[in-house]
1. When only the heavy atoms of the protein chains count and the probe is 1.4 Å, how do A:ARG211, B:ARG67, B:ARG120 rank by accessible area, highest first?
2. Over its Cα atoms, what ratio of radius of gyration to 2.2 N^0.38 Å does chain B give?
3. Can you give the relative contact order of chain B as a percent, counting alpha carbon pairs under 8 Å and 6+ residues apart?
4. Subtracting the Cα-Cα distance from 0.36 nm times the residue separation, let me have the gained length for A:ALA32 to A:ARG223 in nm, one decimal.
5. Set the Förster distance to 25 Å, then compute FRET efficiency between B:GLU112 and B:THR219 from the Cβ-Cβ distance, nearest 0.05.
6. Give me the one-decimal nm value for the distance between modelled label points at A:ARG24 and A:ARG58, 7 Å along each residue's Cα-to-Cβ direction.
7. Order B:ASP255, A:ASP142, most accessible first, counting only protein heavy atoms with a 1.4 angstrom probe.
8. To the nearest 0.05, how large is the calculated FRET efficiency for B:ARG2 and B:SER146 if R₀ is 60 Å and r is the Cβ-Cβ distance?
Amino acid sequence: MSLIELSGIQRTFQLGDSIVHALRDIDLTIEAGEYVAMMGPSGSGKSTMLNLLGLLDRPNAGTYRLEGRDVTTLSLEEQAHIRSERIGFVFQSFHLVPRLTAAANIDLPLMLAGIAPSERHRRVQQALQEYGLTERAHHRPDQLSGGQRQRVAIARATVMHPAVILADEPTGNLDRATGEEVIHLLEALNTQQGVTLIIVTHDQSLGARARRQLVMEDGAIARDSAGITP
Amino acid sequence: MRLADTLRFARDAASGTPLRTGLLVLSMAIGVGAVIILTALGDGARRYVVGEFSSIGTNLVIVLPGRSETRGFNPANLITSTPRDITLEDAQALLRVPGVVRHAPIVIGTAEVNAMGRLRQSMLVGTNRDFLSIRNLKLAQGRFISADVLGRGPAEIVLGAIVRQELFGNENPLGKTVRVGGRRLRVVGVLAEGGQGMGMTTGELLILPAATVQAMLNTNTLFRILIEARSREQLQEVKAGVLKKMIQRHEGEEDVTVITQDAVLETFDKILRVLTLGVAGIAAVSLAVAGILVMNVMLVSVTQRTAEIGLLKALGATARTLRNAFLFEAGMLSLLGGVAGILLGHLGAAILRSFYPTFPAYPPHWAVLAGLGTALGSGLIFGVMPAKRAARLDAVIALGKR
Ligand SMILES: Nc1ncnc2c1ncn2[C@@H]1O[C@H](COP(=O)(O)OP(=O)(O)OP(=O)(O)O)[C@@H](O)[C@H]1O
Ligand SMILES: [Mg+2]
């Protein structure tokens, strides 16, 4: 059983009178523990693909199996449940809640899942320590550097121990050195804990570090280094 | 998501924008405060009036000659009904009605009074020794007339304060003689100032034994009979008993009217209650306005926190969780405003009382509860729409917003 199986996935957007094909008939399989870089020109459908994989969006056609289960037909509530338990997001613009401290931001997924406070406290402390944020636990996002903010975001994405982490240009707002530091953290998750890692990036050298490269063009997969797609 | 977490999350979100939250709470507080102060005023007025009436005596049953037509004024009745007089014997008979403690027959008339060479026209009230306590009157000097239940007694007179001043000036009137309608009476007491009721100031009155006044006016009719019931609960029973007795004594004809002080009081009570409710209702409109403000503030909040809502969805928040979070926030702000409004209202009522100490401006409990309830209710009702909007937001689009 593969972690992710897409078959015949289509996603179109209605823009006035014209229809935009953001994804055209995508077939794709990703195994658990893979490290995939998704690349391609702007507007090729990378973000749309990531949103679909993260169950934030639904395809117009096709089926999506996550861990063998058809998730396209699930109710919104069941999808929210899967997002909570199996999927972690890392965004280009961090998306931290400005009024909450670093610790409270990391606590968010645990709180939403209704986990007991003592267990939450333990997991948040552990995450803060793992990402070197213990000193910054009670700082709000505007008191943190870009690198620290993204570390908080990664800690938040991993605190529920998801099966897959979806990162949309996670280094896009960071300088080269900080960006590399963040990538190392994500790669460590993949190599040490076996978390499946899917990163969208414009950076060729970053993409080259991944074990598998997907190149998208005009809503279709133009090249797959795993050689499955023609 | 746990309830405690939802509450904490809502609280943090509200305190994140102190100015907006503060203004909202203030507007709620003013609305609730207005309800409380206005009802305190209305209910205070009601209690003031009821209190004033009660001082006349609340256990009173009054018998008047003639039948009052409750079914509207009918000229035919005026001509055909020639009511029998009510006499002192009737009054005495009424003492045997169960529940009656005592009574005071009243005869009124006017006569010339003269003392110390001064003369004036004055109103006479003929009654018995029980009149003073039944009417809750006070004496400034001396004692009351000692006339027995039939209004018979020695030639004594009690003066109203104004009459006393005009006839005797600064001299002590006690023991002096006055001439009323050609009769000589000894002054035994003087009424205290300030008594009022039944359309006459007690200051202008002369109080004499009823039999004496009847003899003076050459009549045996009574103006009315005041009857005191043992308790307020027995009032209706006494009223019915008195009416039955009078009909029996008047050969089966109902030619008297029996009223209770209670009926008059109740009418005032009712009118002022309705007034208070009306005023409270008007004030409650300001709460609905505050509710609309809640809706606006929450809509702005949803718009400003779009990215956050998208994020929460990505982190696994269900639509229900988001809806609850925003609804709790609206409810919390309304409740806070309501509690602040209660404090404001009590403060306002206290200030009113300190300026007008005789006026009992206490907010009634029902108004406090209704004010709080309306605040919370309107906050929640108007909070539903923004909360639903937050829950329905498209996660991808929401995340795209900064
Ligand atoms: N909500 C939407 N409404 C209409 N069109 C959309 C919407 N979202 C995406 N599109 C279109 O779908 C196509 C794919 O967009 P997508 O955001 O996936 O591109 P991308 O590969 O992530 O680009 P970038 O590298 O610039 O982030 C684009 O043509 C875009 O205009
Ligand atoms: Mg994109």
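1. Ranked list, largest accessible area first: A:ARG211, B:ARG67, B:ARG120.
2. My calculation over the Cα atoms of chain B gives 1.58.
3. Here the relative contact order equals 29 percent.
4. Gain on extension, A:ALA32 to A:ARG223, equals 66.7 nm.
5. The formula returns an efficiency of 0.90 here.
6. 2.5
7. Of B:ASP255, A:ASP142, the descending order of accessible area is A:ASP142, B:ASP255.
8. 0.15
The values are calculated or read from the model by the stated rules, or taken from the named source; none is laboratory data. The model shown is predicted, which means the values in this text are computed figures rather than measured ones. All Cβ positions, glycine included, derive from the backbone under ideal geometry; neighbour counts span all protein chains shown. Side chains are part of the model used for accessible areas, which takes the heavy atoms of the whole protein and leaves out ligands, DNA and RNA. Shrake-Rupley method; radii C 1.70, N 1.55, O 1.52, S 1.80 Å.
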